[in-house]
1. Among Thr156, Thr144, Thr152, which is within 20 Å of Asp175 (Cα to Cα) and in contact with an Asp or Glu (Cβ under 9 Å, 6 or more places away or on another chain)?
2. For segment 159-206, enumerate the residues that are over 18 Å from Ala105 (Cα atoms) and among the hydroxyl-bearing types (Ser, Thr, Tyr).
3. Is it the case, given these coordinates, that Arg75 is modelled with pLDDT of 95 or more and surrounded by fewer than 20 Cβ atoms within 10 Å (Cβ to Cβ)?
4. Any residue that is crowded, with 22+ Cβ neighbours inside 10 Å and either more than 22 Å from Arg73 (Cα to Cα) or free of Cβ contacts under 8 Å to residues at least 40 places away in the same chain (or both) - is there at least one of those in segment 168-183?
5. Just the residues that are acidic (Asp, Glu) and surrounded by 18 or more Cβ atoms within 10 Å (Cβ to Cβ), please, taken from segment 107-141.
6. Are there strands (runs of 3 or more DSSP E) fully within segment 122-206 with at least 2 residues that are within 16 Å of Thr112 (Cβ to Cβ) and more than 29 Å from the chain's Cα centre (by Cα)? List them.
7. Before we move on, is Gly110 in contact with a strand residue (DSSP E or B) (Cβ under 7 Å, 6 or more places away or on another chain), closer than 30 Å to Pro71 by Cα, in contact (Cβ under 8 Å) with a residue 40 or more places away in the chain and not in a helix (DSSP H, G or I)?
Amino acid sequence: MPERRWQERRRRPGTEGHRRRPPRHRRGPLRGDRHRHRHRQERGRRADPDARPVPSRTAAPAATAAKAAAPVRTRTLADGSKAEICRLGAERYRAKIVSRGEVLATTETGGTDAGLDANDMFVVLTLGGEVHSWMGGGHTGPGTFKLAGGWTAEVTKVGELRYRARILGNDGSVDATLEANQHDVGLDANGVYIVLSAGGVISAHG
């Protein structure tokens, strides 16, 4: 048999006795590592003490509504009570009749002048937010009545707590119509103020 020759593998110097380590498998973070990582994220999300607060968008409409409802003027009425007038919008006003801190009545314009019969004190609130009041001078309808300023009122009953008043000029033409349906109404007739109540009482002052 031919003689086999064994050839020694050449080894790098300094590697004698050195074993090759198996490759390490990459592991995920331990429970403690995850806790520290989450803690760093939470610290990063904390608000900067020097940062300016972002204004709330819902605060503006609330402030606007509060401003619109605030009294714009207060007037003393014929019986000594007060009228607190608030502006609600374009040609929209509300008047609260207040006596000794108590609200006795409220009237509000809504495209037309407003009126109120408050125990024989008559109040007109105009589209411009002006209040006019006087005592007495009422006529109970149905019927035809002479009013201040040369006006004539023809008052008719339409239904329960519902009356209609036609306001006639000197020539007999109908210049305005008031209709009280469950609540009082008012009118500024060229500087003469007229109130028609839901009970059919009409009064004018000018």
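1. Unique residue meeting the criteria: Thr144.
2. Listed by number, the residues that qualify are Tyr163, Ser173, Thr177, Tyr193, Ser203.
3. Answer is yes for this residue.
4. Yes, some residue in segment 168-183 is crowded, with 22+ Cβ neighbours inside 10 Å and either more than 22 Å from Arg73 (Cα to Cα) or free of Cβ contacts under 8 Å to residues at least 40 places away in the same chain (or both).
5. Step one: filter segment 107-141 for residues acidic (Asp, Glu), giving 108, 113, 117, 120, 130.
If the condition is that a residue be acidic (Asp, Glu) and surrounded by 18 or more Cβ atoms within 10 Å (Cβ to Cβ), then Asp113, Asp117 are the ones that fit.
6. Once the strands (runs of 3 or more DSSP E) in segment 122-206 are filtered for at least 2 residues that are within 16 Å of Thr112 (Cβ to Cβ) and more than 29 Å from the chain's Cα centre (by Cα), what remains is 162-168, 174-181, 192-196.
7. Working: in contact with a strand residue (DSSP E or B) (Cβ under 7 Å, 6 or more places away or on another chain): yes; closer than 30 Å to Pro71 by Cα: yes; in contact (Cβ under 8 Å) with a residue 40 or more places away in the chain: no; not in a helix (DSSP H, G or I): yes.
No: the conditions fail for Gly110.
The values are calculated or read from the model by the stated rules, or taken from the named source; none is laboratory data. Owing to the predicted nature of the structure, the values given are computational and were not obtained by experimental measurement. Note: ideal-geometry Cβ built from the backbone for every residue, glycine included; neighbour counts use all protein chains shown.
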